[in-house]
Each structure stands twice: as C-alpha cells, then as structure tokens.
Amino acid sequence: MNLSNLKPAAGSVKNKFRKGRGEGSGNGLTAGRGHKGAKSRSGYSRKIGFEGGQMPLQRRLPKFGFKNINRVEYKGVNLDTIQELVDNNKITDTLNKEILVQLGLAHKNDLVKILGRGELKATVTITADKFTQTAQAAIENVGGKVELINAK
C-alpha cells in the first residue's frame, strides 16, 4: 500500500447532485419543489409557528402570570450552610460576599440574603445585603455580629 493507490471506502463518497439542470438529469423542470404555490418560489420562508392557517399553538394557549419589573432578587444562604462551612474550616470568624463568591454560593453581582433555616453554633460576623429576623436573632444569640451592606 502506498499513497498512489489510497481510495475512500466504497459508498462513502457520493457525487454532487445538481438540481434543476435540465430534463435529462431526472431532476429538472420543478427541481423537486412540486408545482406552483409559495413553496415552489424562490425566497419563500414560512413564518415561525405557522400551522397552515390553523390558529397557531402560541395563540391557542392562554396568557397568564405577571413579572414585576421592580422585583429585587436575592441569593439565599441558610444558617445550616454557614455552620457547615465553619465545621469544614472553610470560614473562621467572618463571612462576607467575597468569601461566598469564592466558595461558589453566590455570584459577584448577586444580592445576598441570610435565611434562618438550621442552627448556628459558631460565633461569626456576617456581612450581607439582607437578613431575615430569625436569622439575625440566631446569629446574635450565639454572639455573632450582623452587618448590612448599603444599610438604608
């Protein structure tokens, strides 16, 4: 075997098929588009969701819901998660947004809210955008400190 007698596998290479190049080719005249109608014309493109004149699905289904443009989304972090971080020596005595971003619990542009699920045994100073009342009480009960970012 050498470079002069290499061939592709049998059946793997097809000849280029040229539509609309005369009757003798077997695919002239209408070039596989059928007779007349919009689909036979050049430049035709069907509208997205068009169902042949039938009422399209997106118009048959009812509209519902409401999206408040003034809603402020917070990334929630629970007390049991914070206690787990302390147990695993990921944090010592302070927890702020930069640490949460490093640990993958929030993104840098997220607003962080500390939630009250679970139990906190460690004394930790926590800096966040918002706290629930139960979380704040639980942190202060074990001798921790609560610091608000952008306190209004």
**Gyration tensor (alpha-carbon) shape descriptor, segment 1-102, a/c threshold 1.5** = oblate
**Asked** How far apart, in nm, are the 7 Å Cα→Cβ label points at Met1 and Ala31?
**Response** 4.1 nm
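Only helical DSSP H runs with n ≥ 4 go in: add -39500 (n - 2.57) per run for the chain, normalise by residue count and round the 222 nm mean residue ellipticity to 500 deg cm²/dmol.
-4500 deg cm²/dmol
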**Message:** Just want to confirm a number: the relative contact order over segment 54-152, from Cα pairs under 8 angstrom separated by 6+ residues, in percent.
**Reply:** 25 percent
**Fill in**
Listed with the fewest Cβ neighbours within 10 Å leading, Ile139, Ile99, Ile48, Ile69 appear as Ile69, Ile48, Ile99, Ile139
**Prompt:** Lys90: which lysines have alpha carbons under 24 Å from its alpha carbon, excluding same-chain residues fewer than 8 sequence positions away?
**Reply:** Lys75, Lys108, Lys113, Lys121, Lys130, Lys145
**Asked** At what distance in angstrom do the alpha carbon centres of segment 1-65 and segment 80-152 lie from each other?
**Response** 59 Å
**Asked** What is the gain in length, in nm to one decimal, between Phe50 and Ile69 on full extension, counting 0.36 nm per residue of separation less the C-alpha to C-alpha distance?
**Response** 3.7 nm
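None of the figures in this text is laboratory data; all of them are computed from the coordinates on show. In this text the structure is predicted, and so the values were computed from the model without any measurement. Glycine also receives a Cβ, built like all others from the backbone with ideal geometry; neighbour counts cover every protein chain displayed.
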